[in-house]
1. By per-residue mean of other Cβ atoms within 10 Å, what is the highest-first order of A:13-22, A:146-155, A:353-362?
2. Could you order B:31, A:644 by accessible surface area, starting with the largest, using a probe radius of 1.4 Å?
3. Quote to one decimal, in nm, the extra length available between residue A:540 and residue A:254 on full extension: 0.36 nm per residue of separation minus the C-alpha distance between them.
4. Cut-off under 18 Å on the C-alpha distance; same-chain residues fewer than 8 positions from residue A:140 excluded. Which lysines are left, in chain and number order?
5. Assuming R0 = 41 Å, what is the FRET efficiency of residue A:168 and residue A:645, from their Cβ-Cβ distance, to the nearest 0.05?
6. What Rg and what Dmax come out for region A:159-271 when only alpha-carbon atoms are used, in angstroms?
7. If you average the alpha carbon positions of region A:96-141 and of region A:321-393, how far apart do those two centres end up, in angstrom?
8. Of the listed peptides A:446-459, A:55-68, what is their order by residue-averaged count of other C-beta atoms within 10 Å, with the highest listed first?
Amino acid sequence: MEVKVALVGNPNVGKTSVFNTLTGLNQKVGNYPGITVDRKTGVSRMGDTLKVRIIDLPGIYSIQPNSRDEEVVLETLFDRHNTYYPDVVVVVTEVENLKRNLLLFTQIKDLGFPTVLAINMADQLPVKGIRIDLEALSEKLRTEVVLISTRTGQGISQLKAAISRYVEADKRPLLDLASVDETYFRSMDYKSWLTRSQGAVFEGVEPVSDGLSESEIKRLQQKETVRRYQQIGEVLKAAYTKDASVATGWQARADRLLTHRVWGYLIFFAVMMLVFQAIFSWSSIPMDWIDEKFAQLSAWVSATLPEGKFTELLAEGVIPGIGGVVIFIPQIAILFMFIALLEESGYMSRVVFLMDKLMRPFGLSGKSVVPLISGVACAIPAIMSARNIENSRERLITMLVTPFATCSARIPVYVIIISLVIPEQMVFGFIGLQGLVMTLMYFLGFLAALTTAWLLKMVIKARSRSYLIIEMPPYRRPLLKNVLSTMVEKTRAFVEGAGKIILALSVLLWFLGSHGPASTFGKAEETVIENFAGKNLSDDELQDEIEGYKLRNSYIGILGSGIEPVFRPLGYDWKISIAVLTSFAAREVFVGNLATLYNIGSHGEEETRIVERMEQERRPDGSRVFDLATGVSLLLFYAFAMQCISTVAIMRRETNSWKWTFIQIIFMTGLAYFSAMLAYNLLK
Amino acid sequence: MKLHELKPGQKAVVRHLDVDRLPMKLVEMGCFPGSEVELILKAPLGDPYYLRIDGMPLCIRKDMAMQVDVELLTYGIHGS
């Protein structure tokens, strides 16, 4: 038999560490049906016979929903028929903010779950001068209480033992609702009250009608919460002491430094530069290696397997397709390592604190900074990280503008275009002009995000008042185990999620690009040999010409000439038009497609060769195809256009609205089109 | 006085807060009549506020702090 154990707790109590410690590597990330919220489950053995499924839920402060994260937890805890409805709940708390943590504990207990209270970070007790009387606490709360430390491993076996005794748990509620308001709660239990106060739905619980106004209900809710805190205060008076003389002076000094009006911003800026730097330079070595290996694999497959359609599909469609996903793993992993470090150490909350006032004129909150920063790697996890923004307008605006952040898929496009149209010279004698333009592209992304946010703020009406309430967690040394598991988990989510789409599309593109009408495409070789007869081409050159002819007459080529008039005002010829068109699935295919389009066998990302070839490309009138006007036009197009199927899919799921998803696509792509057209015509 | 009038380092006791205009989350985070609140520091642009409520750190915006009535705690000298 399998017992379901839900881990519930406030953010910043180390709940994920507890999950990792209990499950080891036996975990998997999944989605809740219907909505994408990371839900992690893992298996743990307790004793000889008991197999336990552990469910890690997002951190929440109360069972009253304030954000999307919290709603998810409630869907699991309130609905008896939910797949993850737990048999026992472990409320994870920590030694320092135990009082605040216990509010949620009393609510969970009153829902009638067999409950275990785990107090984490026991190793901090002597450091902070805190003493906890476990026996007194356990007796007053009528619950098994275990003191644990995921850092030292203390108490984990006791926690498992306590979980395995769940059937014996005392399920009586802690709060006597009558003590909140004797007349109102005379004949009402906790679940009925939740049905009335927050519209919760429980099986077998009738809705209550009492004629009270919204405001009166809110007043009762406040009284209930205050009463809970009073009760917690009484319990802790007997079981919890903190020696005020134990100083945590360095924490206060760190706060003053990191939120200083000069140093605070400078440090933040430096940290961001370090992150960007790491994403580009650290990842280039493994990326080159992956690139090379996949190119070798492709070559090996086409050399080894018998010739035919299947081998072609494998070597030109599937393997490069998978390679196009795998190549982003180093960047994604490094980015999430930093995000995990920033969050685990407590620094991210300081950034939110520092940036909130600056973000508000744009209809954003300090919490929007996290998605905008993550967006530099990939918009998909970035959009998901907007979930903890309570205000629905701020969350929506954040999600709508996040794809403007210069994601890693734009890098190859920028690199190749910049090296084509921006001269390799120094500004002021020491700043490389090409590097400067690259940096400008990043600023342009953020500028577009902020400007759009400001416009959206004018359009979208506020449904509720905007507010910011965040905890300032103490600074802590990040646990390596947690950082690693975040990296693995997020990378896996990226590979599985985005990977499927990129893979499917690359197979489709391969098919359309390598097939065509029999009358032209089928006779490519004869036609080209005939056309170039007597021109003394080498075998390689002839082969290149044949490939080029095939592409022009493939289905994708036909599509390209069809679409060319649309992109002509932007200065693109039919080849660029195809590359741009195919980029609507994912931007990163641009370089590979251009490479094929310009008749070069694309052996991985050989950017220099592609650049040389593109430089030689001429219009019928003899002018360069990739001149400054077309180059800038392309840069602007790629900076603004919504060219990522995965982002569209995630937007649909996170906003739960096709309307906003389409508005985003049309706005971004429209902006891209018109700014590219403007730039082209000004520079032409 | 209101919570936003505190100076960094000053402590006060919450007297009243308007539940109709403030989110319940503030109460859930431990801020309600009777709680002891200390202003630790303000963000560089004067907003938001970094507080300690009954010893637990919390950060809220100025407009919210303006709606919380507090009574300044003065140690040593009474009835100032």
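1. Values: A:13-22: 23.3, A:146-155: 18.9, A:353-362: 20.4.
Put in order of decreasing packing, that is A:13-22, A:353-362, A:146-155.
2. Working: B:31 0, A:644 25 Å².
Result, largest first: A:644, B:31.
3. So the chain would gain 96.6 nm between residue A:540 and residue A:254.
4. Candidates past the 8-residue exclusion: A:99, A:109, A:171, A:237.
5. Calculated value: 0.20.
6. According to the Cα coordinates of region A:159-271, Rg and Dmax are 22.5, 60 Å.
7. 31 Å
8. The peptides rank, most packed first, as A:55-68, A:446-459.
The values are calculated or read from the model by the stated rules, or taken from the named source; none is laboratory data. The shown structure was predicted, so the numbers you read here are calculated from the model rather than taken from an experiment. For neighbour counting, all protein chains shown are included, and Cβ atoms are generated from backbone atoms with ideal geometry for every residue, glycine included. With ligands, DNA and RNA removed, areas are computed over all heavy atoms of the protein, side chains included. Shrake-Rupley method; radii C 1.70, N 1.55, O 1.52, S 1.80 Å.
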